[in-house]
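Enquirer: Below are the structure tokens for one structure; questions will follow.
The values are calculated or read from the model by the stated rules, or taken from the named source; none is laboratory data. Just so we're clear, the structure is a prediction, and the values are computed from it rather than from any experiment. We place every Cβ from the backbone using ideal geometry, glycine too, and count neighbours over all the protein chains shown. The area values use the complete protein model at the heavy-atom level, side chains included, leaving out ligands, DNA and RNA. Shrake-Rupley method; radii C 1.70, N 1.55, O 1.52, S 1.80 Å.
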Amino acid sequence: MKAAPYRFYRHCTIDEDGIMTCHAGSGSELNISEEVFEFRLRDMESLNWMMRKARLEGRKIRPASLDERYFDNLLNYKRFQY
């Protein structure tokens, strides 16, 4: 499960307004299932909607950063211990 977000977000960019774009056309391009790919696309669009809404309302929100630290954290995720 860790590899899917990594593979998806590795093919995304974020513009200066914080809008994310995925540059892959299918899950098979990323070696993930189409269901997971579609889920990630919906999640991305939801985040984009929130960014657009915030901008329209005049709120300043710092866009996410898709840098190496972020990708390292995706792969090194540690499960919460109860």
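Enquirer: Looking at G58, G25, which one is assigned to a loop (DSSP other than H, G, I, E, B), surrounded by fewer than 13 Cβ atoms within 10 Å (Cβ to Cβ), small (G, A, S) and more than 16 Å from the chain's Cα centre (by Cα)?
Expert: Values: G25 fails: more than 16 Å from the chain's Cα centre (by Cα).
Only one candidate passes the filter, namely G58.
Enquirer: I would also like to ask the following. Please state which one of D43, D17 is in a loop (DSSP other than H, G, I, E, B), among the acidic types (D, E) and open to solvent by less than 100 Å² (accessible area, probe 1.4 Å).
Expert: D17 is the lone residue from the list that is in a loop (DSSP other than H, G, I, E, B), among the acidic types (D, E) and open to solvent by less than 100 Å² (accessible area, probe 1.4 Å).
Enquirer: Moving on. Collect the residues in segment 28-40 that are open to solvent by 20 Å² or more (accessible area, probe 1.4 Å) and either among the hydroxyl-bearing types (S, T, Y) or part of a helix (DSSP H, G or I) (or both), keeping them in residue-number order.
Expert: Result: S28, E29, S33, E34, E35, V36, E38, F39, R40.
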